[in-house]
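What follows is one structure encoded as structure tokens, with my remarks underneath.
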Amino acid sequence: MSDTNAQSTAFVREAMLPAKPAPVTQVGAVRWLRENLFAGPVNSALTLIGMFLVYTLVTHFYPWFRHSVWNANSMAECRAAVTASFGDGATGACWAMIRERWHQFIFGFYPPELYWRPIAVFVLLFVALAPILFTQLPRVMLGFSVIYPLVAIWLLWGGSIWPVTMVAVGFGLGWLAMRRLSAYSSILAIVAAVLVPVLFWLFAVGPLDDLLTSVLPIGIEPVASDRFGGFLLAITIGVGGIVMSLPLGIILALGRQSDMFLIKTFSVVFIEFIRGVPLITLLFVASLLLNYFLPPGTNFDIILRVMILVTMFAAAYIAEVIRGGLAALPRGQYEAADALGLDYWKAQRLIILPQALKISIPGIVSTFIGMFKDTTLVTFVGLFDPLKGIPDFIRADFNWKGIYWEPFIFVGAIFFILNFSMSRYSMYLERKLKRDHR
Amino acid sequence: MTSASDAPEPGFRLSQLIYDTRYRSLTIQVVTFILVMAGIAWLIDNTIQNLNQLGKDFNFSFLTNRAGYDIGQQLIPYTNDNTHARAMLVGLLNTLWVSALGCATATVIGIFVGVLRLSKNWLVARLMTIYVETFRNIPVLLWILVSLALLTELTPSPNEYRINPATGEAGVTMWLFDSIAPTNRYTAVPSVEFTHGLGAINTAFAPISLNYLLIVMALIGSFWANRRLLAHAHQVQDATGVRPTTWWKSLLILLGPVVVVALALGFKLNEPELKGFNFVGGTNVSNAFVALWLGLSLYTGAFIAEIVRAGILAVSKGQTEAAFALGLRPNRTMSLVVLPQALRVIVPPLISQFLNLTKNSSLAIAVGYMDLRGTLGGITLNQTGRELEAILLMMLIYLMISLTISGVMNVYNNTVKLKER
């Protein structure tokens with residue numbers, strides 16, 4: 001058989017044929033379209049529906065954007081300008097409102113001549129965050145991160161510098177007492193670390209504050225809490241809540257993982273209670289009930305009250321996130337810590353928590369995003385949040401009556417930019433910190 | 001035999017309470033317990049003092065007083081002569097109703113979007129990504145407010161549906177064969193009526209409609225019969241290797257009895273009609289409800305979409321390939337191999353989304369929908385001035401709802417989760 005085949009081969013081409021161009025359906029844009037938009041009937045139908053959707057949205061909203069008015073002093077002027085330029089019946093966005101009122105969206109009713117203070121606090125926030133986020137930076141900067149909360153409080157609310165200093169001194173004294181006593185007994189050191197600052201704040205602060213204020217009245221102009229609003233309020237509550245809730249959340253998470261029955265029970269009850277009720281009821285507790293629970297005559301700032309409840313709320317969620325991190329650690333890490341003879345706190349501090357917290361960072365960031373979004377709910381206890389409080393206030397002005405979409409779009413866009421960038425950052429962190437434990 | 005004698009048992013020393021790990025946990029627990037109890041006692045003591053100072057007491061008897069306010073949407077009969085407790089119940093049912101509808105819609109949206117986001121279609125995948133990212137990163141309050149603004153600003157007033165006698169044309173036409181009319185105050189939808197209905201059993205809680213009871217019973221019966229049919233098909237398949245065709249029998253069993261029962265009862269849709277200034281005949285669903293439902297569903301739907309996407313991606317490709325290698329068809333692969341494994345990943349976060357939606361339904365306050373917070377935590381609280389009792393009760397009820405949902409869903413989760421051996 002094979003010879004017949006060989007003999008019948010009369011002609012063998014020796015030169016290659018020139019390559020033919022690929023069919024037009026297999027190259028370039030056409031191929032991309034076929035593969036990505038029209039790969040089969042269902043796919044084509046989906047594409048057409050999608051195109052129709054985009055077309056509808058664009059034709060509905062584009063004219064409105066195109067007719068934007070930036071220079072006007074009232075809604076009526078806006079409408080007149082749109083009618084003058086684009087004829088009767090044309091509608092247009094009235095961004096002039098944003099141009100005139102942007103400062104209220106950002107700062108609420110904070111005195112305009114003091115805007116530098118919130119701006120400084122915001123910029124310093126990143127200075128304080130930098131050494132935590134980037135380990136390459138000099139460790140000295142961590143010192144600033146530690147005192148940043150007090151600096152921020154002083155700059156935002158103003159007033160005399162001494163009360164804030166006293167708080168710092170209290171913490172300092174507690175730390176000092178702990179350092180001095182830890183050589184003798186760790187229990188004594190912990191008790192002293194708690195008792196010394198508390199006693200200091202209870203008994204020494206009043207006279208000391210009076211004395212220092214009379215001798216050296218250093219201070220900046222105070223700003224009352226009801227002047228706070230807009231994104232200043234949202235960011236203050238959000239960042240304050242998350243910073244205060246982190247330590248509480250860690251303690252709750254450790255408590256929930258603990259072998260001690262009572263500690264575990266208390267932690268579980270607290271976490272499940274807080275997670276089981278809506279934030280709005282907790283805010284009502286802050287505005288209506290907190291005065292019942294505190295000694296008669298106590299009446300303090302509404303922002304502080306809201307922040308306490310928001311902290312408790314965030315702590316419960318953060319505890320669950322960190323518990324996830326603790327559970328994700330392989331058993332061997334715990335056993336290795338025990339084998340090295342470390343006691344509970346040393347093991348937690350040196351081995352367990354650094355790893356567990358690292359795993360939980362993305363979760364903590366998403367908790368923060370959730371909380372930042374939830375800060376808009378403070379509008380229901382009478383604070384001026386950027387989403388409802390401030391726009392309602394602006395609409396109450398006769399000039400801007402009936403302006404609906406522009407504030408929604410403006411505030412929504414800011415929320416989107418902030419939250420989207422934070423979530424992208426946490427995804428980046430997740431990739432960067434990923435270590436396979438298996 | 002050498003008898004190893006134990007070290008002499010030392011007497012218990014007090015310092016062991018601190019330094020001996022056997023006893024230290026006991027000490028810590030006792031100290032914590034005392035501190036927590038002291039804290040609680042302090043709070044209670046403060047509360048009692050504050051209440052005394054205000055001349056108030058702590059009791060829930062206000063719940064039996066006449067409420068005196070109206071509630072727009074009521075699932076059980078209610079008039080303003082009923083008690084605050086009844087008003088609270090109406091509000092609670094409204095909360096549950098909007099949450100249940102919201103969860104269902106959000107799940108449908110979530111599955112749809114989550115699957116489409118994985119689609120190979122470039123345009124659709126991008127659109128779905130935009131949807132998910134936009135809704136996830138902007139507060140739900142904005143979506144609820146935007147929904148309400150859309151409904152009130154962009155829909156016509158009921159009057160615009162009026163047919164102009166001169167031209168014979170209406171200003172705007174209703175949707176879906178003249179059955180649904182969105183207006184700037186409410187959405188008019190058809191209502192259901194049974195012309196030869198069986199009436200209802202009146203209980204103190206709510207009248208139980210015998211018509212719906214019958215339909216539900218017929219449905220349960222059909223489901224049971226359908227299961228028997230499928231089990232029988234399995235048996236035949238096991239014995240002979242050939243699976244009898246069941247789809248048309250299933251369809252008949254599932255739909256037949258319900259349709260027959262409904263027809264026997266004289267099922268009829270009453271379409272809304274414009275009479276005077278308003279629509280009558282159908283049901284007018286308030287815009288507050290629709291806005292809340294829409295806002296919650298769209299927002300939570302975006303989160304569920306991500307959960308569904310993650311769940312599907314979590315099933316490794318090898319599973320699908322192995323199923324194909326065994327000769328399973330694509331739809332059998334999906335239902336027998338991919339879905340059971342994906343569900344395991346999807347269900348736990350889905351539960352927490354349902355919980356979130358239920359808790360977020362308390363944002364009804366933004367649109368004025370009378371849910372539990374609107375009745376008990378709103379008007380009742382303001383009328384009676386019993387903020388302590390009202391808010392504590394409200395928190396307790398929300399807690400109960402949350403615990404119940406997570407309990408029920410955990411039971412389900414246990415049935416689908418990986419059985420480890």
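The values are calculated or read from the model by the stated rules, or taken from the named source; none is laboratory data. Remember, predicted model here, so these are calculated numbers, not experimental data. Don't worry about glycine lacking a Cβ; one is built from the backbone with ideal geometry, like all the others, and counts go over all protein chains shown. These area figures cover heavy atoms from the full protein model, side chains too; ligands, DNA and RNA do not enter into them. Shrake-Rupley method; radii C 1.70, N 1.55, O 1.52, S 1.80 Å.
Dividing the summed helix terms, -39500 (n - 2.57) for each DSSP H run of n ≥ 4, by the number of residues in chain A produces a 222 nm estimate of -22500 deg cm²/dmol to the nearest 500.
In percent, how large is the relative contact order of chain A, given Cα pairs closer than 8 Å and 6 or more residues apart? Please list the in-between numbers first.
Numbers: 431 pairs, mean separation 65.0, N = 438.
The value is 15 percent.
The residue list A:TYR344, A:THR83, B:LEU263 was ranked by how far each Cα lies along the charge dipole of the protein assembly as shown toward its positive end, using unit charges on Cβ atoms, and A:TYR344 comes out on top. Summing charges over neighbours of A:GLY87, with a neighbour being any other residue whose Cβ is under 15 Å away from its Cβ, gives +1 when K and R count +1 and D and E count -1. Taken about its Cα centre, segment A:275-418 carries a charge dipole of roughly 140 debye when the Cβ of each Lys and Arg holds +1 and the Cβ of each Asp and Glu holds -1.
The H on the amide N of B:THR183, modeled in the peptide plane, is under 5 Å from the matching H of B:ALA188, each at least 5 residues off or on a different chain. Treating each Cα of segment A:112-240 as one equal point scatterer and applying the Debye formula with no solvent, the log10 of I(q)/I(0) at q = 0.15, 0.22 Å⁻¹ comes out as -0.91, -1.23. In the assembled protein chains, A:TYR62 presents an accessible area of approximately 130 Å² (probe radius 1.4 Å). In segment A:274-311, burial by the other protein chains removes 30 Å² or more of accessible area from A:GLY276, A:VAL277, A:PRO278, A:ILE280, A:THR281, A:PHE284, A:LEU288, A:LEU289, A:TYR292, A:PHE293, A:PRO295, A:PRO296, compared with the chain on its own (1.4 Å probe, ligands and nucleic acids ignored). When only the Cβ of Lys, Arg, Asp and Glu is charged (+1, +1, -1, -1), the dipole of segment B:205-274 relative to its Cα centre reaches about 300 debye. Enter the accessible area of A:TRP32 (Å², nearest 10), with the probe set to 1.4 Å and all protein chains included. Surface accessible to solvent at A:TRP32 totals approximately 100 Å².
Ordering B:ALA206, B:TYR78, B:THR134 by Cα displacement along the dipole of chain B toward the positive end leaves B:THR134 in first place; charges were set at the Cβ atoms of Lys, Arg (+1) and Asp, Glu (-1). Taking the inverse of the mean reciprocal distance over all distinct Cα pairs, the Kirkwood hydrodynamic radius of the protein assembly as shown comes to 32.6 Å.
Keeping every protein chain in place, order B:TYR186, A:TYR184 by accessible area at 1.4 Å, biggest value first, i.e. largest first.
Numbers: B:TYR186 20, A:TYR184 180 Å².
If we order B:TYR186, A:TYR184 from most to least accessible, we get A:TYR184, B:TYR186.
Which of the helices in chain B meet the span-like rule: DSSP H, Cα axial reach of 30 Å or more, Kyte-Doolittle mean at least 1.0? Let's see the in-between values first.
On the way: long enough: B:21-54 (49 Å, 0.67); B:84-117 (47 Å, 1.41); B:210-240 (44 Å, 0.55); B:287-314 (39 Å, 1.46); B:387-416 (43 Å, 1.31).
Correct list, ordered by number: B:84-117, B:287-314, B:387-416.
Taken over segment A:227-438, lysine pairs spaced eight or more positions apart, or on distinct chains, with alpha carbons under 17 Å apart number 4. Positive end of the dipole of chain A (Cβ unit charges, origin at the Cα centre): among A:ALA316, A:ALA193, A:ALA45, the Cα lying farthest that way belongs to A:ALA45. With 10 Å² as the minimum drop in accessible area between chain alone and full protein complex (1.4 Å probe), the qualifying residues in segment A:385-426 are A:LEU387, A:LYS388, A:TYR404, A:TRP405, A:PHE408, A:GLY412, A:PHE415, A:PHE416, A:ASN419, A:PHE420, A:SER423, A:ARG424. Taking amide hydrogens as placed 1.01 Å from N in the peptide plane, the amide H of A:VAL69 sits under 5 Å from those of A:ALA93, A:CYS94, A:TRP95, A:ALA96, each at least 5 positions away in sequence or on another chain.
Just so you know, the Rg over Rh for segment A:227-438 is 1.06, from Cα atoms, with Rh as the Kirkwood radius.
Ranked from largest, the principal axis spans of the Cα set of segment B:226-273 equal 58, 17, 11 Å. For a test of the definition: using alpha carbon positions, the gyration tensor, and the 1.5 limit on a/c, classify chain B as rounded, prolate or oblate. Oblate shape, in that a/c is at least 1.5 and b/c is the bigger or equal ratio.
In the complete set of protein chains, residue-level accessible area for A:LYS401 is approximately 130 Å², probe 1.4 angstrom.
Using only the Cα atoms of segment B:328-418, build the gyration tensor, take square roots of its eigenvalues as a ≥ b ≥ c, and label the shape rounded, prolate or oblate: rounded if a/c is under 1.5, else prolate if a/b is larger than b/c, else oblate.
On the way: a/c = 5.77, a/b = 2.90, b/c = 1.99.
Verdict is prolate for segment B:328-418.
Tilt of helix A:205-215 relative to the longest C-alpha principal axis of chain A, in degrees (0 to 90, nearest 10)? The two axes meet at around 90 degrees.
Where does chain A land on Rg/Rh, using Cα atoms and the Kirkwood Rh?
Details: Rg = 31.1 Å, Rh = 27.3 Å.
My calculation of the ratio gives 1.14.
Ligands, DNA and RNA are left out, and with a 1.4 angstrom probe the accessible area of the protein assembly as shown is 56 Å² per residue.
Sorting A:HIS60, A:HIS67, A:HIS103 by accessible area puts them as A:HIS60, A:HIS103, A:HIS67; the probe is 1.4 Å, largest comes first, and only protein heavy atoms count. At a Förster distance of 45 Å, what's the computed FRET efficiency of A:GLU113 paired with B:ASP70, Cβ-Cβ distance as r, to 0.05? Efficiency, rounded to the nearest 0.05: 0.35. Interface burial in segment B:128-150, defined as at least 20 Å² less accessible area with all protein chains than with the chain alone at a 1.4 Å probe, covers B:GLU133, B:ARG136, B:ASN137, B:ILE138, B:PRO139, B:LEU141, B:LEU142, B:LEU145, B:VAL146, B:ALA149. Only Cα sites of segment A:41-94 enter the Debye sum here, all with the same form factor; the resulting log10 I(q)/I(0) across q = 0.19, 0.22, 0.25, 0.26 1/Å is -0.64, -0.75, -0.87, -0.91, listed in q order.
Mean partner shielding of peptide B:18-25, defined as the number of other chain Cβ atoms within 10 Å of each residue Cβ, is 2.
Hydrodynamic estimate: the Kirkwood radius of segment A:246-334 over Cα pairs, inserted into Stokes-Einstein at 4 °C and 1.567 mPa s, corresponds to D of 91 µm²/s. Shape verdict for segment B:1-132, please, from the Cα gyration tensor: rounded (a/c under 1.5), prolate (a/b greater than b/c) or oblate. It is oblate, given that a/c is not under 1.5 and a/b is not larger than b/c. The relative contact order of segment A:227-438 comes to 27 percent, based on Cα pairs under 8 Å that sit 6 or more residues apart. Sorted largest first, the principal axis extents computed over the alpha-carbon atoms of segment B:240-394 equal 70, 44, 28 Å.
Please give the per residue volume of the convex hull enclosing the alpha carbon atoms of segment A:188-276, rounded to a whole number of Å³.
Details: hull volume 15.9 nm³, N = 89.
Taking the convex hull of the Cα positions in segment A:188-276, it is 178 Å³ per residue.
Figure note: A:ASP259, A:ASP226 ranked by solvent-accessible area, largest first, 1.4 Å probe, ligands and nucleic acids not counted: A:ASP259, A:ASP226.
In whole percent, and with a 1.4 Å probe on the protein chains, what portion of the accessible area of chain A is carbon and sulfur? Intermediate values should be presented prior to the final figure.
Numbers: 16970 of 24340 Å².
Within chain A, the accessible surface is 70 percent carbon and sulfur.
The amide H of B:THR83, built 1.01 Å from its N in the peptide plane, has B:ALA67 as neighbours under 5 Å, considering only residues 5 or more places off or on other chains.
Rounded to the nearest whole Hz, the Karplus-based 3J(HN,Hα) values (6.51 cos²θ - 1.76 cosθ + 1.60, θ = phi - 60°) of segment A:115-130 follow the sequence 4, 4, 5, x, 5, 4, 4, 5, 5, 5, 4, 6, 4, 6, 6, 3, with x at glycine and proline. Per the accessible-area calculation with a 1.4 Å probe, the total area buried between chain A and chain B rounds to 5000 Å². Relative to the Cα centre, the charge distribution of the protein assembly as shown, modelled as +1 at Lys and Arg Cβ and -1 at Asp and Glu Cβ, gives a dipole magnitude of about 2240 debye. Nonpolar atom fraction for chain B, defined as the carbon and sulfur part of the 1.4 Å probe accessible area, stands at 66 percent. Relative to the longest principal axis of the Cα atoms of chain A, the long axis of helix A:353-374 lies at roughly 90 degrees.
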